[in-house]
Each structure stands twice: as C-alpha cells, then as structure tokens.
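The values are calculated or read from the model by the stated rules, or taken from the named source; none is laboratory data. As the structure is a computational prediction, the values presented were derived from the model and not from experiment. A quick note on method: Cβ atoms are made from the backbone with ideal geometry, for glycine too, and the neighbour counts reach across all protein chains shown. Just the protein is used for accessible areas: all its heavy atoms, side chains included, with ligands, DNA and RNA removed. Shrake-Rupley method; radii C 1.70, N 1.55, O 1.52, S 1.80 Å.
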Amino acid sequence: MEQKFDDPRVAINRVYTRQGDAGQTSLAGGQRVPKDSRRIKAYGAVDELNAFTGVARATANTEPSAAPLVPILLRVQHELFNLGSILATLPEDVHPRQARITAAEITELESEMDEMNEGLPPLRSFVLPGGSRLNADLHVCRTVCRRAERLVIALARDEQVPPEAVQYLNRLGDAFFVWSRWVSHHSGAAETLWEPNRAASARGTLSE
C-alpha cells in the first residue's frame, strides 16, 4: 500500500544542545520562537496528551477486558504525533506529504465512538473519574485533550491552523469519555456518579 505521508527524517544523536537555554526553540522550518509562544504551548499540550495516552495504553494492556482498546490508543498516539508535526510547522513550510490530521482520522473516531457507545447504560448524572485505574487514566486524557483543544483554538485566532486540528481534538475528547465508560462497563467496575448532596455542606441537612 502506498504511504500517504513521508517517514520521519530525524536523527537524534545527542539529547541536549544548549540552544534552548535562552528560552527559545526551533519550529520545523527552523524559525526560532519563544518556548512560551502560543504555537509551542499548543503542540506541547498535544505532546503531553500523547504521554498520558501512553499511560492509559499501558494500563489497558494489563486488563484483558480492555484488549480491543489497546490498538486504538496506539493509533491515537501516532495521530497525535502527526498533529504535533503540523502544529510545529508554519503554513508556508508545510510540504504535501507531511504528516497531519485529515477527515479520515475524525471519521474513524466517530465510528468507534458510535460502536462502543452502543450497549452503555444511559447516564442520569455526570460521572466522577476513578471507577478503576484505567477509567481514571482515560479521564485524565480527556481533560488534557480539552486543554490542548483550547490552546489550539487560541493559536488559531492569531495564526493559520488546519480546521481538522481543532475538529480532531474535539472529537478525541469525546472519545476518551466514551472509552472511560466502555472500559468500566466491560470490566464490571461501577461508575461513580456525581451526587451534589454528598458534599460536606449538605451533610447536616441529610441527617436532620
């Protein structure tokens, strides 16, 4: 099958270069920018999300009932690197076969969500993270994904960003929520629902 994207052209022989000691880093096109610029914050959050997704995948590997989710999470990690690649590149430097997010990735997430959401009981309240370790890991991924989405949206106000980047992160945040419910359902772990009256301020009225 013909490859859609070029393979990485990376050679990491030495990790430290001292070139970032003054608070700047290089984009894919070689431009030097501050490490706290909006573009760096955006793909830095995507990189953080990739790391947390790896944690979730490692946890899923230990739970037999979550086996179908493992290859999905691995694919998402590759897609997040593709997203980081395009965010780290100014529009004028993007080449035709550069890794990126396309409509196909978004459609795949939607299809997987529809399939895995079938059979899940309807929710009557919000879910608290922590029904199981994997459930909690996936909720962490969800919240980090939402932060990455906000940062990419902020970047898009000032600079050109492919619309698929925001659409993918928006859909992925939904997917992490569905996956968190799916793993709880298939492992038999009870979902912990939000109960406002279990707050400390409500204890007195409950006992009266």
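When you go through E92, E115, E79, E108 one by one, which is the residue that is acidic (D, E), free of Cβ contacts under 8 Å to residues at least 60 places away in the same chain, more than 21 Å from A189 (Cα to Cα) and part of a helix (DSSP H, G or I)?
Every option except E108 fails the conditions.
Looking for whichever is open to solvent by 40 Å² or more (accessible area, probe 1.4 Å) and modelled with pLDDT under 95 here; the options are E110, E115, E164, E92. Which one fits?
After applying the criteria, what remains is E92.
Hey, any hits in region 170-188 for a residue that's open to solvent by 60 Å² or more (accessible area, probe 1.4 Å) and assigned to a loop (DSSP other than H, G, I, E, B)?
yes
Would a scan of region 36-50 turn up a residue that is more than 18 Å from L134 (Cα to Cα) and not in a helix (DSSP H, G or I)?
Scanning region 36-50 turns up at least one residue that is more than 18 Å from L134 (Cα to Cα) and not in a helix (DSSP H, G or I).
Taking only pairs six or more apart or across chains, which ones have beta-carbon atoms under 8 Å, a first residue in region 54-75 that is closer than 17 Å to F177 by Cα, and a second residue that is hydrophobic (A, V, I, L, M, F, W, C) and part of a loop (DSSP other than H, G, I, E, B)?
A60/A67
How many residues are outside any helix (DSSP H, G or I), hydroxyl-bearing (S, T, Y) and open to solvent by 90 Å² or more (accessible area, probe 1.4 Å) when one looks only at region 189-208?
0
Can you tell me how many residues in region 100-120 are farther than 19 Å from E149 by Cα and either among the acidic types (D, E) or within 19 Å of the chain's Cα centre (by Cα) (or both)?
Result for region 100-120: 7.
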